[in-house]
Each structure stands twice: as C-alpha cells, then as structure tokens.
1. Show log10 I(q)/I(0) for region 702-789 at q = 0.17, 0.19, 0.22, 0.24 Å⁻¹, two decimals, from a solvent-free Debye sum over equal Cα scatterers.
2. Please give the length that would be gained between Gln219 and Asn62 if that part of the chain were fully extended, namely 0.36 nm times their separation in residues minus their C-alpha to C-alpha distance (nm, one decimal).
3. For region 632-682, rounded, prolate or oblate, judged on the Cα gyration tensor with a ≥ b ≥ c (square roots of eigenvalues), a/c < 1.5 rounded, else prolate if a/b > b/c?
4. Which shape class, rounded, prolate or oblate, goes with region 550-618 when its Cα gyration tensor gives a ≥ b ≥ c as root eigenvalues, a/c under 1.5 marks rounded, and past that a/b bigger than b/c marks prolate?
5. Pull up all non-local amide H partners of Thr160: gap of 5 or more, or a different chain, and H-to-H distance under 5 Å with H placed in the peptide plane.
6. Extension gain Ala7-Ala723, at 0.36 nm per residue separation less the Cα-Cα distance, in nm?
7. Is the shape of region 527-668 best called rounded, prolate or oblate, per the rule: a/c under 1.5 gives rounded, else a/b larger than b/c gives prolate, else oblate, with a ≥ b ≥ c the square roots of the Cα gyration tensor eigenvalues?
8. Counting only protein heavy atoms and a 1.4 Å probe, tell me what percentage of region 262-343's accessible area is made up of carbon and sulfur.
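The values are calculated or read from the model by the stated rules, or taken from the named source; none is laboratory data. All figures in this text were calculated on a predicted structure; none of them were measured in a lab. All Cβ positions, even for glycine, are placed from backbone atoms using ideal geometry, and neighbour counts span all protein chains on display. Note: accessible area is taken over every heavy atom of the protein model, side chains too, but ligands, DNA and RNA are not part of it. Shrake-Rupley method; radii C 1.70, N 1.55, O 1.52, S 1.80 Å.
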Amino acid sequence: MRIILAAMGVALLLLLLTWLLLRSTSPEIHTDQIAFDALDDMATSESALHRDMLRARAGMLNNYDPLVAEEDAIRDSISRLETAVRNDPQISDAVDQLAMTADLQEEWTEEFKASNALLHNSLAYFRLFSAELSESPRDPVLARQVSGLTAAMLHLTLDTSSSVMDEVDDELNRISTENLSPEDTRAVPAMLAHARMLRDLLPATDHTLKALFATRSHQQGQAIRVLVLARAAAFEQRASRYRYVLYGISLILVAMLIYLGVHLEWRARLLRRRANFEHIIARISTRFINAGPGELGAQVARALEEMAAFFGADRAYFIVTDGAGQIYRWSRTGIMFPHGWPQKALAVASRIGGWSNGIVHIAHDDQLAHGDGSGVPAAIGIREWLCIMDPKGEPFGGMLGFDALTGKIGIRKSEFGLCRMAFDAIAYAIDREFLEGERRRLEDKLQQAHRMETIGALASGVAHNFNNIVAAILGYAEMAHAQVKPGSRAAENVAEIRQAGERARDLVEHILTFGRRSDTSREHIPLGTLILETKSFLEATLPTRIKLVVGQVSDQSILISGELAQLQQVIMNICSNAAQAIDGAGTIEIEAGLTEVAAPLQLDHGRLAPGRYTVISVSDDGRGMDEATLERIFEPFFTTRADGNGLGLSTALEIVREHGGGIAVESKPRIGTRFEVWLPYSPAIQADTEQRAQRVAGRGGGQAVLVFEADRARLLKHEEILAALGYEPAGFTDVSEAIAACRASPGRFDIALLCHQHGKGSPLDLAMTVHRAVPDLSIILAVPWAADLAAPALAEAGVSEIVGLPLTSAELSGALAHCCETPLSRRRMREEA
C-alpha cells in the first residue's frame with residue numbers, strides 16, 4: 001500500500017512539474033512570433049505590390065503575375081495572422097480591420113490592372129499613329145500639330161495635373177480633321193480617339209494608384225504589432241512567475257534529494273548494523289545447533305558476550321523463569337553483579353510499564369529512579385537498561401537483560417525485532433536442551449516400561465498358572481474345613497491355609513489388574529458423582545475404626561474425561577493404603593476442586609502442561625513415611641507390610657498417567673500423608689453433563705438382588721457391598737432355599753448374584769439350576785477364575801454377566817447396572833399383560 005501511495009505521489013509531482021514547465025515556456029510566445037512574421041511578410045508583400053504596380057504603370061512590367069503572387073502573399077499573411085491571434089478578441093478585431101483594408105487594396109489593384117492595361121494599349125496605338133503622322137511630308141502643319149500633341153501627351157503621362165490636361169485639350173483642339181489627305185483620313189481620327197482616351201485614362205489610373213497607396217495598412221499593422229507585443233509581454237510576465245515557482249520547487253526537490261541521500265545513507269548504516277546483528281544471531285544459532293551435551297552454559301555465556309559487545313552493554317544475563325530458575329550471566333572484566341541482581345530483574349520488569357512486544361528499554365536516569373520500585377536499576381548504578389522477555393511464556397519462559405553502567409546501549413526501536421530473535425535463539429537452545437533431557441528421561445522410562453512390560457507379561461503368565469494352583473488350594477481347604485472338628489487345631493490350620501490362599505488369590509488379581517491395559521471408551525464423568533460413589537464403596541469396605549470425611553464439591557459442572565471404574569479404583573487404592581497406615585482409630589479426608597495451572601508444573605510423579613485440572617486430595621493422620629519410603633511407594637511390588645503386595649499405588653499411578661495426569665505426595669513421619677491426584681479438566685455443556693451423570697452413576701434404585709454364597713461371613717460382606725450400591729440384597733447359603741423363595745414370590749427378585757467357590761461343583765450347574773427354576777431372572781455369576789467357562793455354555797445357563805471373586809464394587813456396579821434393564825422391562829411386559 002505504501003508503494004502504491006508513493007508511486008501516486010511521484011506521478012502527481014511529475015504532472016505538476018510538466019504543467020509548470022509548459023506554463024513557464026509560454027507557448028503563446030510562439031504564436032506571437034507567427035503574428036510578427038505574418039505582419040513582416042505582409043509589409044514586404046505590400047511594398048513589392050506597390051513597386052510592381054509602379055513598374056506596371058511605367059510599362060516596365062510585361063504581365064501581372066507578380067501582382068497576383070503578391071496579392072496571394074498578402075492574403076496568406078492575413079490568414080496566418082488571424083490564426084495566431086484568434087484567441088485574443090482585441091487583436092482579432094484589429095486583424096479584421098487589416099483584412100478589410102487588404103480587401104480594399106485588392107479591389108484598387110484589380111481596377112488598376114484593368115485601366116492600366118487599356119492605358120498601355122491606347123498609348124501604343126497613339127505612339128504608332130503619332131509617329132506616322134509627325135513624319136508625314138504631305139501636311140507639314142498637321143505634322144507640327146501632332147508633334148505638339150505628342151509632347152503634351154508625354155507630359156501628361158508624367159503629370160496628370162489639370163494644367164497639363166488643359167494643355168492636352170488645347171493641342172487636341174488645334175488638330176482639325178478637315179481637308180485631310182486620304183492617307184491621313186484613316187490615321188488622324190484613330191490617333192485623336194486614342195489621345196482622348198489617354199487623356200481620360202491617365203488621370204484615372206494615377207488616381208487609382210494614389211488611392212491604393214493611400215490605403216496602405218502600415219498603421220494598422222503597427223497597431224497590431226503593438227497589441228501583440230503587449231500580449232507577449234503579459235505572457236512573458238506570467239511565464240516568469242511560473243519559472244519562479246518551478247525554480248522554488250526545484251530547490252525543494254534538491255533539498256529533498258539531499259535529505260533522501262542522507263536518509264539512505266543512514267538506512268544503509270542501519271542495514272549494515274542489522275546485517276551484523278543477524279550474522280551474530282546466525283553464528284550463535286549455529287553454535288547452539290552444533291553444541292554437544294554439557295556445552296550449553298558456555299555457549300550461552302559466549303552468546304551473551306557477543307550481543308553485549310554489539311549493544312555496548314557492560315553486563316548481560318538470561319534468566320530461565322521456568323523450572324529451577326537457572327541464570328546465565330556475563331560481565332566485562334572488573335565489573336561484578338551486585339547482590340540480588342539479576343534475580344530481582346523479573347520483579348522490576350513486571351512493575352515497569354511501556355512494554356512493546358515483550359521489550360522494555362529505559363535510557364534515561366530519571367526513568368530509572370522511579371519511586372514505585374522500578375528504581376532498583378538506578379540504585380545499583382545502571383544508566384541504561386534493556387530487557388527482553390516472552391510475554392506469553394512460550395516456547396520457554398525466560399528473560400534476556402543488558403545493563404549499561406558507563407556508556408549507552410546503542411539500540412533503536414526498529415531493532416526490537418532483532419532483540420526478539422536473539423532472545424528466541426537462546427530460549428530455543430535452552431528449551432532444546434530441556435527437551436533433550438526430557439527425551440533422555442523418556443527413553444529411560446520407555447526402557448523401564450519395556451522391562452516392566454516384559455516382567456508384566458511374565459507375571460501375568462505365572463499368575464494365570466498360579467491362580468489355578470491357588471484355586472485348588474482353596475477348594476481343598478474348603479473341603480478339609482468341612483471334615484475337621486470346629487475349634488480343633490486342625491480346623492485352625494485349615495483356616496490359616498484358606499486365609500493364605502485368599503491372600504494369594506488377591507495378589508494374583510492385583511498382578512493381572514496391574515498388567516492389564518484398559519481399552520474402554522472414556523466419557524465425561526461429573527466429579528461429584530465420582531466422589532459420592534467412591535464414598536459409598538469405601539464406607540462398605542473400610543474398617544469401622546476409620547472415619548471417612550468427604551468435602552463438598554461446590555461446582556457440580558466439573559467433569560473428568562475417563563473411565564469411571566478405573567478412577568474409582570485410584571481413589572479406593574489410595575484410601576486403602578491410607579487405612580493400612582493408620583494404627584487404631586483415625587480419619588481419612590477426601591477433598592476435590594478445580595485448579596488453574598498457568599505455567600508447566602512438575603509434580604512428584606508427572607509433569608503437567610498449563611491448563612485447568614481437577615485435584616482430588618486424600619489425607620490421613622496415620623504414621624506417615626520417611627524420605628526413603630516416599631521415593632519407592634509407587635514401585636511395583638514394593639510394600640512395607642507383610643501381607644501387602646505392593647501393586648495398589650502402582651496401579652493407581654498407572655491409571656492416572658493414562659488419563660494424562662499426575663500424583664503429588666506429601667508425608668511426614670507420625671503426622672500423616674497427603675496424596676493429590678491431578679486430572680485434566682474436561683469442559684462440556686450442562687445438558688450433556690446431567691445425562692452422563694445419570695448414566696455413569698452406577699447406583700441402584702432399590703432393586704431386589706438374590707445373593708447366593710455358601711459361606712455366611714462372605715455372604716454378609718456381599719450384602720453390605722450391594723446395600724452400599726443402592727440395591728436390596730436377600731442372601732441365601734442354600735440353593736434350594738433361594739429357588740423356593742423365588743417360586744413363592746414370583747417377580748420378587750430382579751437379579752440373582754451367584755457366588756461359586758472352587759471345589760463345590762461346577763459354577764455352570766449352579767447357574768443352570770437357578771435358570772431352570774426362574775427363567776426370567778438375570779443371573780450374575782461370580783467366580784474366582786472364568787477362563788474355563790465357554791460363552792455358549794454361559795448363555796445356555798442364563799448367565800447375563802460374569803464377575804470375579806473376591807467382589808469389587810466397581811466391577812459389580814457395572815454388571816448390576818447392565819442387568820437391571822432386562823428384568824425390569826420383562827416385568828413391565830408381564831404386568832401389562
């Protein structure tokens with residue numbers, strides 16, 4: 001756009017100069033010259049016409065062609081004159097008068113040519129006859145009379161005054177035509193006739209010549225010449241004014257050219273300076289690219305030295321505002337950094353206004369001595385200060401500063417972009433170094449993950465085989481327990497064997513859960529729903545000596561993107577670990593809220609990008625942990641309890657990382673521990689939130705659940721879990737009693753939960769027995785190991801869902817929620833029928 005405007009300005013200037021040039025040269029002067037030439041030509045032609053007419057009068061001109069040419073020349077001169085002065089009315093009127101005079105001259109000329117031709121014709125005849133008669137010897141008297149007439153006629157040709165005419169008349173009267181000889185009778189009358197004609201033509205012709213000479217246009221031409229000269233003077237005066245204007249503009253243009261030359265020279269110096277700075281930045285960037293591991297500090301110091309030398313600064317520094325806040329610095333020999341500087345530079349820069357693209361430049365002592373806290377640079381002897389900082393904190397938070405203590409920092413506002421490039425060169429190098437470190441750490445973690453994956457695969461294979469052995473141990477322990485005397489030493493030994501088998505089964509389950517990757521689709525889960533459901537599960541599983549306190553979630557619109565069962569498992573595993581850390585009575589407190597992260601945040605386990613996060617904290621007043629234990633609590637299979645398996649917290653951390661979050665832990669011995677689970681916030685519209693809250697709630701609505709469990713103690717525990725989930729359990733330890741209850745009250749139960757332990761027949765036989773008795777009842781089969789159960793056999797036995805033993809609230813709630821739909825719809829159909 002600026003180029004177009006400049007081109008338009010140059011074009012307008014050229015048009016103005018052209019117009020002034022044309023006006024200063026006064027094209028009217030050319031027309032005036034034409035007028036002068038026409039007047040001169042007319043005067044010349046008119047003089048030639050008069051000369052030739054006199055020659056014709058004297059008989060010296062043989063023909064009238066010169067007269068015609070001169071008349072044409074006069075008409076051409078007048079035509080040119082009219083063309084030259086047609087734009088000036090006053091001169092045009094004078095030219096019209098001159099044209100009329102020329103027309104009158106032309107009329108007199110034509111009249112002269114006619115009379116003069118007749119005159120010379122008569123004069124020739126008169127001469128012929130007079131010569132013949134004056135030499136005739138027949139009549140001497142007549143000869144003398146003719147000679148006298150000839151002399152008088154000759155005198156008349158020279159003088160046409162009245163006295164000469166009277167003399168001619170006297171001579172004509174003396175000649176008598178009587179008594180003439182026959183020869184003279186023919187000649188005398190003819191001579192007298194021509195003499196009388198000449199007597200009349202000569203005065204008339206001379207009168208015509210006099211009239212023509214009297215009508216000369218010299219005065220009119222002079223008047224026209226004066227008018228043209230006056231007009232030419234006016235034109236010249238006006239042209240002089242335009243020449244003065246043109247001269248003034250020329251002076252201005254010369255001044256502008258001088259200014260442009262100086263400005264171009266100044267711009268050339270700036271370009272050279274910019275090119276030098278760009279070369280410095282290019283060298284710095286190249287060195288950063290070629291730098292090896294551990295060379296970053298030296299390269300940054302060298303870059304600061306080169307840029308400080310370019311700006312004329314005495315000190316230079318780069319502060320990394322992210323992470324540990326590392327500072328790179330350089331100073332001239334003999335110049336030290338004062339105490340607290342440049343650490344305070346960030347705070348000072350934040351209090352100083354006037355930032356332009358993240359750059360502040362203070363070049364005056366009074367600006368450096370403000371009383372608002374920004375006077376710190378002046379207090380430490382800085383005369384000029386340049387600070388470059390990324391206002392958005394991207395790509396890597398930092399600050400580049402230059403201090404001038406004795407001289408001045410030679411920088412212009414147009415070079416701020418180069419300062420930004422210099423800042424970016426260092427920032428990107430530091431960022432690259434940081435990313436390289438992250439890459440190396442990720443590679444280490446990846447190698448660790450590969451090792452853990454290998455271990456997990458091995459552990460899973462061992463666990464599957466070991467689970468069959470544990471199932472056999474538990475089955476035979478159950479059968480042995482039925483055959484020994486209650487309260488005997490053998491019964492106690494069998495109980496210990498069964499308890500150890502159950503712990504082994506739990507360990508296998510944890511190993512399988514830890515090595516399993518969830519492929520379930522994620523959804524928006526309301527935070528309040530997650531906390532309340534988990535509270536219900538914990539109240540049913542935590543020891544009664546533990547008090548569970550759950551804080552109120554104020555904002556019900558807070559959502560988490562994930563899988564409900566996994567997130568519940570995270571909270572339950574942490575709470576279970578907290579309960580085990582409490583000796584005697586104690587309190588577990590759960591809080592949740594939304595937190596804004598403005599800069600990258602490094603947690604104990606995980607690094608978070610800027611954004612909004614949901615923080616779920618679990619605090620206990622247990623015995624706490626020392627530093628050594630705290631560093632290893634998330635390692636798989638690491639535990640401080642004899643009956644622990646070391647997979648609860650490892651599984652929780654794995655799930656949180658899969659959800660894009662992290663975990664922070666604070667613990668002090670004999671005071672307690674606090675876990676913080678950071679999960680990304682997932683925004684969604686209100687309607688979608690309510691629908692998903694209802695769908696993922698997983699709580700029952702008072703549906704009746706038939707529970708079969710042969711062991712009374714385990715039956716009571718299952719009933720507690722179902723009641724916590726919002727269902728109405730009815731437990732049975734005998735299958736026949738359960739079938740009788742169903743037949744006695746058809747439609748009483750909505751779901752049947754059949755728990756089958758090893759060594760007590762086939763789980764499919766149990767399910768088939770119930771299905772045949774109550775075909776419409778949805779059956780959930782709970783078994784320790786389901787790998788041997790085929791899908792067609794399960795469908796034939798009426799099994800809708802299958803869950804593992806021991807029961808977990810998350811898995812059981814999903815199965816119950818899925819089965820609730822079918823029996824309810826069938827019951828409605830039966831009731832409507």
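1. -0.67, -0.84, -1.12, -1.31
2. 53.4 nm
3. Note, shape of region 632-682 comes out oblate.
4. Taking the square roots of the gyration eigenvalues as a ≥ b ≥ c, region 550-618 is prolate.
5. Excluding prolines and chain starts, which carry no amide H, there are no hits.
6. 249.1 nm
7. Oblate.
8. 55
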